[in-house]
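Undergrad: Below is a structure I'd like to ask you about.
Please treat every number below as a calculation from the coordinates, not as lab data. It should be emphasised that the depicted structure is a prediction, and the values quoted were computed from it without experimental measurement. Please note: Cβ atoms are built from the backbone with ideal geometry, for glycine as well, and neighbour counts cover all protein chains shown.
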Amino acid sequence: MTLDDMLQSGDRIPVPLALSILRQCAQELDRAHESGLVHGSLTPARILISEPATADTIRAQINGYGSSRQAQENFAVGLAPPEFAAYMSPEEILGTPPDRRSDEFSLAVIGYELLCGRRPFQSQGLSDLFFEICATSPPTAEQLNPELRPKTGVVFQQGLAKDPDQRFPSCGEFVDKLEQSFRRVVPLPPPEPSLSAPKDAVEQPAAATPYNLPPARKRVYGDEHDKAPRSPKQRSSVLTFGLVALAVIAVIALTARLLNWHSKPSLPVQVLDPQAGPVTPPPTRNQPPAPSTTPPARAAAPAPKAAARRPEHLAAVRATRPTVSAPPGSLRMNPSTGGVADVELLTEPPGARIVVDNRPDLGCTSPCTLVLPPGRHVLSADLPGFGEARRIFHTPDDRSILISMNRTTGTLLVTSTPTGATLLLDGHDAGRTPTSLQLSPGQHRLDAFLGSQVQQKIVHVQADTIETMIFDLRNQ
């Protein structure tokens, strides 16, 4: 009996039985991976189950090692059942050879089906199923089976990750985490009371006896202590101290005055040379000064800003960039800043159509230079096969703008009956079927050759989508 027969019977599989089957399959797969062997086509139909099927006595064994290539070829020509695709990993669908992480993905699909009662991906059409496996996330396990805990759903999310590097390091660790999600934490018993003496037996410290400070005596002006007359010796000391203080103050004042007198700059002395020419007499108090005939010196021009460093391969295109000026009358000058600014516009790669402020008259093809008024501007760049790029800049502060364009692609899965057909994409070699192609959005022509059979198709590719195309090249 196979595991597929057990699933088709409709009987609910207990959790301990399902975990036992997954544990034995994971151990066998890990041993095969350590030996350098990858299954690549794991399905419930390839797992043999012993009878009677109980958690303690069941024995699970995997067969069909080394048949992944044949299974994929049979699937491409329509000889394999469509259920085989429901257990394929995303990297297998995209044409990457399977590895241990692909087997872990297939085992996670089987575990999901055992515990949730259905497959995680179950679209009927081939293209819809491929898109669901590669681009969508299945419902969480606790949504399909309320008896499962959220931790179980988290384990399945990692085992079914689209990126192989985000999955578990081994199949055994995946089953370990799955078993741990079913364990419940047992609360610890309350601590036993300590053998300390009861509170009544503890001696209380005696209350401290308050210490009363003696009352402070308030001194009243004119009491008997102040009535005692001062001695002549005390009056002489006070007088001597006052005279010394006055002498010190006088010395400090005199020193400060002398320092101030010496620090004053000396007056310039003008020596007149009668042979040097006429001398203009100084203006009188009521006579205004004569206007100067010497022109004022111009302010030094500000040093130009250092040009921003750009990639070396863009230096060659700067010499041939065109300069586009705004149409007359369309520039509104700012009195505070004045003038216009030449803005250098570059894209990587070049050739993008650039429009500023959503005005077609302020547009050019990169690399180019636009003459723009001061202020805030919004730039948009469009290049076929790349996403639209937008940038906000201010003139005259920003004189050179470099925009890196991001390429957008779609995936095309191509198969043929029989396989091995030669493909030409837009007239260029594209390999042999089956294969996956990363194409820019738009219309493409695909030609397939196999012997004397030739077939041509047109495909419209959209960004971030997965399309399928099947050529029937059998002899008619």
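Undergrad: Which residues in segment 440-463 have a backbone N closer than 16 Å to a point placed 7 Å from the Cα of residue 424 along the Cα-to-Cβ line?
TA: So the set is 444-459.
Undergrad: Now for a separate question. Determine ³J(HN,Hα), in whole Hz, for all residues of segment 448-464 in sequence, where each value follows from phi through the Karplus function 6.51 cos²θ - 1.76 cosθ + 1.60 and θ = phi - 60°; x replaces Gly and Pro.
TA: Here the 3J(HN,Hα) series is 10, 10, 8, x, 8, 8, 9, 9, 10, 9, 10, 10, 10, 9, 10, 5, 6 Hz.
Undergrad: Quick check: residue separation of residue 348 and residue 460 times 0.36 nm, minus the Cα distance between them. What number comes out in nm?
TA: Answer, rounded to one decimal: 37.7 nm.
Undergrad: Still on this model: Name the residues of segment 95-124 whose amide N is less than 16 Å from a point 7 angstrom out from the Cα of residue 165 along the C-beta direction?
TA: Answer for this model: 101-102.
Undergrad: Here's something else I'd like to know. What are the ³J(HN,Hα) couplings of segment 377-393, residue after residue, when phi is run through the Karplus curve with 6.51, -1.76, 1.60 and θ = phi - 60°? Round to Hz, x for glycine and proline.
TA: Taking θ as phi minus 60°, the curve returns 9, 10, 10, 10, 10, 10, 9, x, x, 10, x, 5, 10, 10, 8, 10, 9 Hz for segment 377-393.
Undergrad: Quickly work out the residue 173-to-residue 378 label distance, labels modelled 7 Å from Cα along the C-beta direction, and quote it in nm with one decimal.
TA: Output for this residue pair reads 4.8 nm.
Undergrad: Moving to a separate point now. Non-local amide H neighbours of residue 430 (under 5 Å, H modeled in plane, Pro and chain starts lacking H): which ones?
TA: Correct list: 423, 424, 425.
Undergrad: Amide H of residue 405: which non-local residues (sequence gap of 5 or more, or other chain) have their own amide H closer than 5 Å, using H built in the peptide plane?
TA: Long-range HN contacts for residue 405: 348.
Undergrad: Could you check the spin-label model distance between residue 144 and residue 5? Points 7 Å from the Cα along Cα→Cβ, value in nm.
TA: Each label point lies 7 Å from its Cα, and together they span 2.4 nm.
Undergrad: Quote the FRET efficiency, to the nearest 0.05, computed for residue 402 versus residue 472 with a Förster distance R0 of 60 Å and r equal to the Cβ-Cβ distance.
TA: So the FRET efficiency works out to roughly 0.75.
Undergrad: Could you pull out every residue, at least 5 positions away or on a different chain, whose amide H is within less than 5 Å of the one on residue 2? Hs are placed 1.01 Å off N in the peptide plane, and Pro or chain starts have none.
TA: For residue 2, the qualifying residues are 49.
Undergrad: Okay, moving on. If the chain between residue 59 and residue 358 were fully stretched, how many nm would it gain, using 0.36 nm times the residue separation less the Cα-Cα distance?
TA: Length gained between residue 59 and residue 358: 100.7 nm.
Undergrad: Pop out the ³J(HN,Hα) list for segment 138-154 in order, Karplus 6.51 cos²θ - 1.76 cosθ + 1.60 with θ = phi - 60°, rounded to Hz; leave Gly and Pro as x.
TA: Karplus values, whole Hz, x for Gly and Pro: x, x, 5, 4, 5, 6, 8, 10, x, 6, 7, 8, x, 4, 5, x, 5.
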